[in-house]
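**Q** Handing you this structure, nothing more for now.
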Amino acid sequence: MARDLDRRYARDPDFIARRVVDEVILVPIRKSLGDLESIFTLNEVAARIWELLDGTRRLADVHDVLTREFDGDAQAMADDLDEFVGQLESIGAVRAA
């Protein structure tokens, strides 16, 4: 199901992103040792989405930035944005603001 492009999402402070060489790693910083098994590698577009999900930008604004900064079909980018935000929600890395 497509998310409302007027919605805003904010990063959960229990997740941090760190650049390691040419990759961005998303790491939960909760206190449970089991969380260390949940480390995610983000590609360039996913890392940019993570950066833009600051709680103030609407998904439509994030989409606009992505279409300006990356080559690709606008509809495919919207679908990928929707899917990635859904994945971030499912692991608790973002929440609706």
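**Q** Looking only at the stretch 1-31, which residues are in a strand (DSSP E or B) and closer than 15 Å to Glu89 by Cβ? Working first, answer last.
**A** At the first step, the residues of the stretch 1-31 found to be in a strand (DSSP E or B) are 8-11, 15-20, 23-28.
Listed by number, the residues that qualify are Arg8, Tyr9, Ala10, Arg11, Phe15, Leu26, Pro28.
**Q** Right, next: Answer with yes or no whether Ala46 is more than 19 Å from Arg7 (Cβ to Cβ), free of Cβ contacts under 8 Å to residues at least 40 places away in the same chain and outside any strand (DSSP E or B). Give the derivation first.
**A** Details: more than 19 Å from Arg7 (Cβ to Cβ): no; free of Cβ contacts under 8 Å to residues at least 40 places away in the same chain: yes; outside any strand (DSSP E or B): yes.
Here the answer is no, as Ala46 does not meet what is asked.
**Q** Out of (1) of a type in the set (Ser, Thr, Tyr); (2) over 11 Å from the mean Cα position of the chain (by Cα); (3) at pLDDT 95 or above, the odd one out for Tyr9 is which?
**A** All conditions pass for Tyr9, except number (2).
**Q** Which condition does Thr67 not pass, out of (1) touching a helix residue (DSSP H, G or I) at 6+ places or on another chain (Cβ under 6 Å); (2) at pLDDT 95 or above; (3) in a strand (DSSP E or B), if it passes all the others?
**A** (3)
**Q** Separate question: Please go through the stretch 50-86 and pick out each residue that is within 23 Å of Phe15 (Cβ to Cβ), surrounded by 13 or more Cβ atoms within 10 Å (Cβ to Cβ) and of a type in the set (S, T, N, Q).
**A** Hits for the stretch 50-86: nothing passes.
The values are calculated or read from the model by the stated rules, or taken from the named source; none is laboratory data. Computed from a predicted structure; not experimentally measured. FYI the Cβ positions are ideal-geometry reconstructions off the backbone, even for glycines, and counts take in every protein chain you see.
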